[in-house]
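A short worksheet on the structure shown next.
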Amino acid sequence: MKARVTVTLKSGILDPQGKAIEGALKSLGVDGVASVRQGKVFDIELADSDRAKAEAALKDAADKLLANTVIENYRVELL
Amino acid sequence: MKSAVLVFPGINRERDMARALKLISGKEPAMVWHAETSLPSGTDLVVVPGGFSYGDYLRCGAIAARAPIMNAVGDFAAKGGLVLGVCNGFQILCEAGLLPGVLMRNAEIKFVCRNAHLRVERSDTPFTRGYNAGQVIRVPVAHGEGNYEADEETLKRLEGEGRVLYRYCSADGVVGEASNFNGAAHSIAGIVNDGGNVLGMMPHPENHVEDIMGCTDGRGLFAGLVQHLEKAA
């Protein structure tokens, strides 16, 4: 089973990398960009095909390692 | 003072740290590999040195913070053992949950390598007793992610409990935007945990301990730890 964990910065957390990308997009003349926030995507293959178990394992992975929940939120999707 | 310096893949300041510890305490520290599950018996001080553990993959310090040796460090700290984390070591201690908050990318997204002035906020702790409260010391910094951030409540607690031990300042001790080169909340350069026995700091005191380095302002931190342990013994 394939899954995706998306990690994003919580709102209110300063994201200098996102700001720099936003600035670069504006200088390239890409229209209509109001703001950019950078995050991370983890594509994960699971041995187990039980959806409930998979979801629990992915949440465990995100809490223990993939996200720093002081500053980041995460979203788990089974594909 | 019996110290143990942790070694993770990608760490590169462990020998500077070991040299400073040997110089000031007179004892060779034990170098402890990350895959170990226990600290040498009789350890007085655990040092998590600087560098780029695991190439800063995922987040700075994130992988190292989950290494086997960190469970032993957690137990050691819970019993009141002294732990010092410098630079990447500070990031590792935050990721391991031994210190609150997080080190974010420097506000101007640049790696900063230079001397910084630090104001020692109090002198009545094991990590600062080698200095006077309010003293300004000059210590090198070299980091890309040293911008300390925590939620408002945590910052309020850190300030209220006097847990900010080192703050970025000007040469004459003024704290403000001009000297806060990485954008850290409240110009924080170093904090302790609620037990006061775990210090994390971004600057490198181990790099200012000998005349040949051009400055010896970092010695006070280590000399203070030695004094503290001698007094306790």
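The values are calculated or read from the model by the stated rules, or taken from the named source; none is laboratory data. Quick caveat: nothing in here was measured; it's all calculated off a predicted structure. Here Cβ is always computed from backbone atoms with ideal geometry, including for glycine, and neighbour counts include all displayed protein chains.
When the residues of region B:90-117 are filtered to those that are in contact with a Pro (Cβ under 6 Å, 6 or more places away or on another chain) and not in a loop (DSSP other than H, G, I, E, B), the one that is nearest to the other protein chains (Cβ to nearest Cβ) is B:Ala116. Annotation: A:Phe42 fulfils all but one of (1) under 30 Å from B:Pro100 (Cβ atoms); (2) away from chain B (no Cβ under 13 Å); (3) part of a strand (DSSP E or B); the unmet one is (2).
Would you point out the residue of region A:6-21, among those that are away from chain B (no Cβ under 12 Å) and surrounded by 14 or more Cβ atoms within 10 Å (Cβ to Cβ), that is farthest from B:Phe111 (Cα to Cα)?
Per the stated criteria, the residue is A:Thr6.
Taking the criterion of being under 23 Å from B:Asp151 (Cβ atoms) and touching a residue at least 60 places away in the same chain (Cβ under 8 Å), the residues of region A:31-79 that qualify are A:Leu66, A:Ala67, A:Ile71, A:Glu72, A:Asn73, A:Tyr74, A:Arg75. Within region B:16-25, not a single residue is within 18 Å of B:Glu145 (Cβ to Cβ) and among the acidic types (Asp, Glu).
Residue count for region A:22-39 satisfying the condition of being within 14 Å of another protein chain (Cβ to nearest Cβ) and part of a helix (DSSP H, G or I): 3. Look at (1) touching a helix residue (DSSP H, G or I) at 6+ places or on another chain (Cβ under 7 Å); (2) within 14 Å of chain B (Cβ to nearest Cβ); (3) at pLDDT 95 or above and you find that A:Thr69 fails only one, number (3).
Would you point out the residue of region B:10-38, among those that are more than 24 Å from B:Ile212 (Cα to Cα) and touching a Phe, Trp or Tyr at 6+ places or on another chain (Cβ under 6 Å), that is surrounded by the fewest Cβ atoms within 10 Å (Cβ to Cβ)?
The extreme case among them is B:Gly10.
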